[in-house]
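Q: Quick one: structure below, then a few questions.
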Amino acid sequence: MPEIDPTEHEIADLGPEVNQIDDEQELEEMLALEKGGEARDAVITLIENRLDDVAGEAEDVDPAGADLTEMTIADIANMVREVDDVDVLEDILDREQDGKDRKGAKSQIESRIQSLEGDDGEETEVEYVPPEEKYPDLDHPTADKQYVEGTVDGDYRDMWVYCETQQGQLVDVSREMLGQARHLMDTYNTEGDPSEGQYGGDEDGNPEEVVAVLIGDGVSELAEECIAYGADRVVYHEDERLERFKHKPYTEIFCHMCRDFEADWREYHEPRYNIFPATNNGRDLSALVQGELDSGLASDCSDLYIESAMISNPAKTGTPGDSKEFDRILHMPRPDFSGFEYSTILCIDKPHRDFHPQGASVIPGTFDMPDPDHEREGEIVEHDLELPDEWFDIEIVESDRLDDGVDLTGNDVIVSMGRGIADDPTRGIELGVELADQFEEADLGLSRGVLTASYQFDSHVEQYVQMERQIGESGQEVEPDVYIAAGISGAVQHKVGMDESDTIIAINTDTDADIRDFSDYFIQGDLFEVLPQLTEALEEGDFAEAVAEVSDD
Amino acid sequence: MTKHEHYEALVVGCGPGGAAAAATLANQGVETLVLERGTDAGSKNVSGGLLYGEKSAPYTLDTLFPNFREEAAERPVGEYYIHNVAGRQVKTFDLHDIHHRDTEWCDAVLRRKMDSWLADRVHEMTRETGGGLLTNVRVNGLLRDGGEIVGVTLDELDPITADVIIAADGVNSELARDAGLMDWEDPEDWFQGVKAVVEMDPEVINERFGIDDDEGVAHLFSGDLFDGVRGGGFLYTNDQTLSVGTVFHLDSISEEQAEPHELLDNLLTHPLLDQWFQGEYEEREYAAKLVPDSKKVAHPSPHRGRLLLVGDAAGQMQAQGPIIKGMNHAVTAGGLAAEAFQEAKTRGDTNAAGELYERKLEEEGVLAKLRPKRYRATRAVSESSIVNKVGNAVLDSPVGSVGLKAAGKFGLLEKSFNSPFVLGMIPDTKMSYAVIPERIGEVMGTRVTDDNTVEPPELDDRIGDLTYDVDDPHIELQDNSFEASGTAVTACPVSAEDFGGGCYREETIKTNGGQEKVVSLDTQPCVECGTCAVVADTHWEHPSGGKGVEYKQG
Ligand SMILES: Cc1cc2nc3c(=O)[nH]c(=O)nc-3n(C[C@H](O)[C@H](O)[C@H](O)COP(=O)(O)OP(=O)(O)OC[C@H]3O[C@@H](n4cnc5c(N)ncnc54)[C@H](O)[C@@H]3O)c2cc1C
Ligand SMILES: Cc1cc2nc3c(=O)[nH]c(=O)nc-3n(C[C@H](O)[C@H](O)[C@H](O)COP(=O)(O)OP(=O)(O)OC[C@H]3O[C@@H](n4cnc5c(N)ncnc54)[C@H](O)[C@@H]3O)c2cc1C
Ligand code: SF4
């Protein structure tokens, strides 16, 4: 008799109880009771599910000693999948032959043995049927794309790096990528251990290159810099119509360069690796180019390295159950779930379709900025191609460049205003600006307290009341020769933005204000009176005197 | 509808409620994903710190998580006293009986340590089911399909769908609000808790509290310490710190325009505490959070569609007189919600989980503890101010104090403090929190002669000592007039009148021809306590995952 007679319980109470029971016997008895009683479907399912679970757990037997006669073919299949030792498997096979000698069971064990032994020449290759034939009922949007199924065992070389520019300059991430590409290819070209990414060059032992790509207006001027940062070769295309990034021409040019461009140094099908920056434009370009080249893309990568990879996916190896080592695989780790997990993406050829170039876009700042070597030598190649007008159908009619923002660092003097201006905020800002105007290299700073207040400013000073003038922990850090803090209490979050200043002068009505502790001069007084005096003294040229006179410290 | 990532169960929040729900789900093999906004579980959480393992509870943390008490808790608390204070006069009652009633064990806890310990286990357990725990993600709303709740939306990730969503996202639950199950309108529904974690060497604790390494004490305080604000104070011993704090009715804080940090300081600097501080005071952390009052807001039917609320999110926080029980009920509710889902699933109808959960709360007697019928019956009268006044009059008369003395002599008062029946009934009036204890202290108390010389830190230093990762403002002032939102200047635990460094600051601006009193808001010092969501006119959300304040103690 089981401990719980299910017929005496509501189903709601049974759930947790049943799921606690581990004894098959007991569960069987309960099942029998229920079936003999009301035979409620839900209860039967509940107990049967539990039975399955419990039975499943029990299955965790040692394969070497398992009693095969007690096991179903499915059980055996499950069991052998976990076994990696061929001898153990041979033994299981023998025992099955001596025992029930089931055909299905034997073929499961044999196929496991075969997959472990791998290359014995007898492997069954998956027969390749083009998808159009295999699934005639589906539409095949890529059927007419010559490259999709076309390229098998193509010839690939070199690491190509798209070097983005802004305002006629390389953006930092371009330099970072060149540095990493240099490092990767130097290793790659070294004779040594493939698991360390050392292949001694290509399949024939010839070194491969880092190829920098520049597209834009007047970009040839940047070619030397690309070499200094690590490129062996720079391919550039310049045209005034390329001044701004545009999807169509940039994609067409890049693809032509790396796939169709005929040059003696480019006697290969496509690049082995394509690297792009994961910037706004780089993300667009990388997706368009890799799509057009019918390969894949790992976007927003946070590292890159080259290594061999053991792969057992039959779609890639062509033989089920077999593992195969792939060489020269670019490993592309990238954050998933916005950085909560990482996956490493590999882009690997299939038996009937190549996946090259192996493409990645790289998060700016991922790699260290290399030191440029201006002595380095490299080739500079101009890409010649007529750019048809249709590529420029899209016209940019208006554009705006965002302000660089206010940079307070580098000033000799900063005059900062705090909530002490509350009585007349507009006048307070005016006084600060007037004082700052007395110096050559000076600007106005603000405490956060002012910026988050509900103060209303007249329009002529509003332009000064900007977040970018905030000094402190969540604003800018400055260290001018002279820092004048008017009506600022000196909260620690403000302090960390200014206490490296050479001389700190505080103006405050409250002699207990914290700022006094780290000021060189403390002027007790109303800023509305003190600031005009200081301004006046400066106009007359005796600032130091004026400060010394009014200061208490 | 677009296809979203799907899990069998989503648990939002990894406090005690979420951890219990997730562990129970994982034990049943349910594929469970847990989402927590803190950079580490516990980094957002505060409690006073007494975690009860109730004998009658179907789920407790020590059974769900082996070694919980040894590894994640501080000291087991065996002694429990309440001090009735009137100036320097103090009368102490031993609340041993009520403390041990239905108590299997009771440990002091610090939430950062406890919750992050739980989270590690939860992650391991849920990983086994194909899910896991993600921190640094904030759920910002419910995902609906044709009006039905099917999942959640997040700041950091694409929407995720699930067969059941267990919202264990604590007080100010954005999910409960989104589902229309809770509003944040009435200050009467909430308490505000404020706490300081104070450093003290373990040996010093042992010596000054007269305990051993593996023993702890709880002291409660009520009476005239708190300028007439309704509520009380507590002090619990941890391994190497003390948790000292206050819990007040939010409506009382608002009405009295009290400054919560000052009320805490009143307690910290009271002569009675000199015996323990002896002139030394090193504050490790200042913290605050709203606490729901289950008597008023425990939701009788805390579910809607696939959404089940547990713990503070459902208002399941029981203030039984001075005893505060929130964490343990959150654990029970989490376990029951998970159990309800598993059962609904076995029946082939996961939609029945909510109903089952509600029934279990009822059957396990949880709801009866949270919303005692006695309270429902007495509240209407005892909280009206007339009764209050009569009560006051009685207490002020000589007869009143004779009565008290007599009651004291026969131990009646101590007895009634120790009666769950009386405690369940205690009306939330000034009389029960301040006036009666004060009279008890006055009439029966002995004088404390010590002088407490400690100086707790100023508010700006308290803020300065906290760790923040600030982001865009997560609270918007809808109405910045002083009438609408001025209460927050005082009630916000990190703001104060005449303090420029707080969240809420009172300002006078010139308008056409006049002056206007307004408030301005800077959310950087915000400790996300939830107070201004109730007392000011705001649009209130939690900061994005990992942003905002990070408690190291909790
Ligand atoms: C000062 C004070 C003293 C107290 N004293 C005690 C006491 O002594 N004993 C006691 O039992 N109780 C006490 N409580 C009450 C107790 O802390 C709560 O009842 C308990 O923490 C509730 O547990 P919970 O799991 O429901 O929610 P919480 O512990 O609040 O957990 C909610 C979790 O959800 C996360 N979260 C919230 N929103 C989101 C979102 N949108 N997305 C993702 N994650 C989210 C939070 O970060 C948090 O980790 C006290 C409370 C305070 C403030
Ligand atoms: C996480 C975090 C990050 C922060 N980041 C920053 C930051 O980057 N930068 C920053 O500045 N703050 C920051 N703060 C805010 C900081 O804590 C203070 O609140 C802020 O610096 C206060 O500004 P204040 O000194 O202008 O105002 P208050 O503290 O209000 O001080 C005003 C001062 O003016 C004096 N005063 C009043 N009237 C007069 C008068 N007529 N003449 C002279 N003196 C007068 C008063 O005595 C007082 O000392 C941050 C806060 C937090 C929590
Ligand atoms: S701003 Fe609001 S939520 Fe933040 S600490 Fe103050 S009252 Fe609490």
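The values are calculated or read from the model by the stated rules, or taken from the named source; none is laboratory data. Note that the structure is a prediction, hence the values are computed from the model and not measured. Every residue, glycine among them, receives a Cβ derived from its backbone with ideal geometry; neighbour counts consider all protein chains shown. Calculation scope for accessible area: heavy atoms of the full protein, side chains included, ligands and nucleic acids excluded. Shrake-Rupley method; radii C 1.70, N 1.55, O 1.52, S 1.80 Å.
Q: Spin-label point model (7 Å from Cα, Cβ direction): what's the A:E262 to A:D101 distance in nm?
A: Placing both labels 7 Å along Cα→Cβ, they lie 7.0 nm apart.
Q: Sticking with this one: Please report the net charge: other residues with Cβ closer than 14 Å to the Cβ of A:S474, K and R +1, D and E -1.
A: That sum, taken over residues with Cβ under 14 Å, equals -3.
Q: Calculate the tail of P(r) for segment B:283-375: the fraction of all Cα-Cα distances greater than 22 Å, expressed in %.
A: Working: 1293 of 4278 pairs.
Tail of the P(r) past 22 Å holds 30 percent of the pairs.
Q: If you don't mind, there's one more thing I want to ask. What base-10 log of the normalised intensity I(q)/I(0) is obtained for chain B from the Debye formula, alpha carbons as equal point scatterers, at q = 0.08, 0.09 Å⁻¹?
A: Treating every Cα as an identical point scatterer, log10 I(q)/I(0) equals -0.51, -0.64.
Q: Which residues, if any, in segment A:406-446 have at least 30 Å² less accessible area in the whole protein complex than in the isolated chain, probe 1.4 Å?
A: The answer is A:R419.
Q: Any chance you could list P(r) for segment B:467-550, counting all Cα-Cα pairs in 10 angstrom bins from zero, rounded to whole %?
A: Result returned by the calculation: 20, 51, 24, 6, 1.
Q: What are the semi-axes of the equivalent ellipsoid for segment B:161-242, taken as the square roots of 5 times the Cα gyration tensor eigenvalues, largest first, in whole Å?
A: In descending order the semi-axes read 36, 21, 9 Å.
Q: When Cβ neighbours within 10 Å are restricted to other protein chains, what is their mean count per residue of peptide B:341-347? Don't skip to the end; give the middle numbers.
A: Values: counts 1, 3, 9, 2, 2, 14, 9.
Per residue, the number of nearby Cβ atoms from other chains is 6 on average.
Q: May I pose another question? Give the aspartates and glutamates whose C-alpha is closer than 18 Å to that of A:K100, dropping any in the same chain fewer than 8 places away, or say none.
A: Straight-line reach from A:K100, under 18 Å: A:D67, A:E70, A:D75, A:E90, A:D91, A:E110.
Q: For B:H6, put the label point 7 Å out on the Cα→Cβ axis and report which residues of segment A:330-373 keep their amide N under 17 Å from it.
A: none
Q: Calculate the FRET efficiency for B:L466 and A:E341 from the Cβ-Cβ distance with a Förster distance of 30 Å, rounded to the nearest 0.05.
A: 0.50
Q: Please give the total accessible area that chains B and A bury against each other, computed with a 1.4 Å probe and expressed in Å² to the nearest 100.
A: Chain pair B/A: roughly 2200 Å² of buried accessible area.
Q: Let me confirm one metric for peptide A:12-20, namely the mean number of other chain beta-carbon atoms within 10 Å of its residues' beta-carbons.
A: 5
Q: Give the value in nm², to one decimal: projected area of the alpha carbon convex hull of the protein assembly as shown, averaged over all directions.
A: 59.0 nm²
Q: Here is a follow-up. From the Cα trace of segment A:413-552, what convex hull volume per residue do you get, rounded to a whole Å³?
A: 95 Å³
Q: Still on this structure: I'd like the orientation of helix B:373-382 relative to chain B: the angle between its Cα long axis and the longest Cα principal axis, in ° from 0 to 90, rounded to 10.
A: For helix B:373-382, the angle is close to 50 degrees.
Q: Which three extents, in whole angstrom, do the alpha-carbon atoms of segment A:274-347 cover along their principal axes, largest first?
A: 41, 31, 20
Q: While we're looking at this one, here's another question. Give me the 1.4 Å probe accessible area per residue for the protein assembly as shown, excluding ligands and nucleic acids, in Å². Working shown, then result.
A: Working: 48480 Å² over 1107 residues.
Per residue, the protein assembly as shown has an accessible area of 44 Å².
Q: Using just the helices of chain B, give the 222 nm mean residue ellipticity in deg cm²/dmol: DSSP H runs with n ≥ 4 each add -39,500 (n - 2.57), and the total is spread over all residues, rounded to 500.
A: -9500 deg cm²/dmol
Q: On the accessible surface of the protein assembly as shown, probed at 1.4 Å, how many percent belong to carbon and sulfur atoms?
A: After summing per-atom areas, the C and S share lands at 42 percent.
Q: Let me ask you something else. Taking 7 Å along the Cα-to-C-beta vector as the label spot, tell me the B:R88-A:D389 distance in nanometres, rounded to one decimal.
A: Those two pseudo-labels are separated by 10.0 nm.
Q: Is the shape of chain A best called rounded, prolate or oblate, per the rule: a/c under 1.5 gives rounded, else a/b larger than b/c gives prolate, else oblate, with a ≥ b ≥ c the square roots of the Cα gyration tensor eigenvalues?
A: Values: a/c = 3.01, a/b = 1.56, b/c = 1.93.
Taking the square roots of the gyration eigenvalues as a ≥ b ≥ c, chain A is oblate.
Q: For segment A:6-58, rounded, prolate or oblate, judged on the Cα gyration tensor with a ≥ b ≥ c (square roots of eigenvalues), a/c < 1.5 rounded, else prolate if a/b > b/c?
A: prolate
Q: Let me ask something additional. Tally Lys and Arg at +1 and Asp and Glu at -1 over the other residues with C-beta under 12 Å from the C-beta of B:V197: what net charge comes out? Don't jump to the answer; show the numbers that get you there.
A: Values: positive: B:R111, B:R112, B:K113, B:K195, B:R284, B:R462, B:K552; negative: B:E74, B:E199, B:D239, B:E282, B:E283, B:E285, B:D465.
Its environment carries a net charge of 0.
Q: Using alpha carbons only, how many degrees (0 to 90, rounded to 10) separate the axis of helix A:172-189 from the longest principal axis of chain A?
A: That works out to roughly 40 degrees.
Q: If you don't mind, there's one more thing I want to ask. Go through A:R182, B:R75 and list them by solvent-accessible area, largest first, probe radius 1.4 Å. Could the numbers behind the result be given before it?
A: Values: A:R182 35, B:R75 5 Å².
Listed by decreasing accessible area, they come as A:R182, B:R75.
Q: Which whole-number percentage describes the relative contact order of segment A:403-456, with Cα contacts under 8 Å and a sequence gap of 6 or more?
A: 44 percent
Q: Taking R0 as 51 Å, what's the FRET efficiency between B:R447 and A:D172 from their Cβ-Cβ distance, rounded to 0.05?
A: The computed FRET efficiency comes out at 0.10.
Q: Let me ask something additional. Just to be sure I follow: if Rg is taken over the C-alpha atoms of segment A:265-314 and Rh is the Kirkwood radius over the same atoms, what is Rg/Rh?
A: Working: Rg = 13.2 Å, Rh = 13.0 Å.
For segment A:265-314, the value is 1.02.
Q: Through the Karplus equation 6.51 cos²θ - 1.76 cosθ + 1.60, θ set to phi - 60°, convert the phi angles of segment A:452-467 into ³J(HN,Hα) values in whole Hz; use x for Gly and Pro.
A: 9, 7, 8, 3, 10, 10, 5, 4, 6, 9, 3, 4, 7, 8, 10, 3
Q: Looking at the protein assembly as shown, what % of its DSSP beta bridges pair antiparallel, to the nearest 5?
A: Taking every DSSP beta bridge within the protein assembly as shown, about 55 percent pair in antiparallel fashion.
Q: Using only helices, what value at 222 nm comes out for chain A when you add -39,500 (n - 2.57) per DSSP H run of length 4 or more and divide by the total residues, to the nearest 500 deg cm²/dmol?
A: Value at 222 nm, helices only, nearest 500: -9500 deg cm²/dmol.
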